[in-house]
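Enquirer: Could you have a look at this structure, given as structure tokens, before my questions?
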């Protein structure tokens, strides 16, 4: 990704909550790509450039998004659940709803991936297939809009307040390990 002057620096594994939030910006960007291509290219074969762009977005959701979900469900959420801080106790209901969102999103991503790859490999989708693709993308857009606000505005700031520095460091180490990278 090109660097722009004045652009906020992305976080690294020493700042796992910032890194999770940065991932949300990528989710928004790649979901926007999928929506744009699906809207602008209805009923026709994708150009080579459109194919590459669409396939890159599909690949992001196939590879990176499951790691992001694991970062939350296997590293962050359990630590919030085990926190003795009273403020963390209030987040338990939100955690269950966020996990349910992950399950719903995974189903719609599977639909988008299957139909998107069919479009790339075999040409234009039927009207019914395109309707199914558009429906899944619409549901994902609505889900992520709500889900990301809850995490960025409520959950991550809460985690920053209630989790200890060593817990945050462990989250960052686990995130790096999921990607086969050394932690900082």
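Bear in mind these aren't lab numbers, they're just calculated from the coordinates by the rules spelled out. Keep in mind it's a predicted model, so treat the numbers as computed, not measured. When we count neighbours, we look across all protein chains shown, and the Cβ atoms used for this are built from the backbone with ideal geometry, even at glycine.
Enquirer: Report the extension gain between residue 113 and residue 181 in nm, rounded to one decimal, defined as 0.36 nm multiplied by the number of residues separating them, less their alpha carbon distance.
Expert: Result for the pair: 21.8 nm of gain on full extension.
Enquirer: Also, quick follow-up: Relative contact order of region 21-136: what whole-number percent is it, with Cα pairs under 8 angstrom and at least 6 residues apart?
Expert: 40
Enquirer: If you don't mind, there's one more thing I want to ask. Please compute the modelled spin-label separation between residue 126 and residue 56, points set 7 Å along Cα→Cβ, answer in nm with one decimal.
Expert: Those two pseudo-labels are separated by 3.2 nm.
Enquirer: Stick to Cα atoms and the Kirkwood definition of Rh, then tell me Rg/Rh for region 13-126.
Expert: 1.09
Enquirer: Moving on. Once both axes come from the Cα atoms, what is the angle between helix 127-149 and the longest principal axis of the chain, in degrees from 0 to 90, rounded to 10?
Expert: 20
Enquirer: Do the sum for the chain: with -39,500 (n - 2.57) for every DSSP H run of n ≥ 4, divided by all residues, what is the mean residue ellipticity at 222 nm, to the nearest 500 deg cm²/dmol?
Expert: Counting only the DSSP helices, I get -24000 deg cm²/dmol.
Enquirer: Let me ask something else. Give the distance, in whole Å, between the Cα centre of region 156-177 and the Cα centre of region 80-116.
Expert: Here the two parts' Cα centres lie 17 Å apart.
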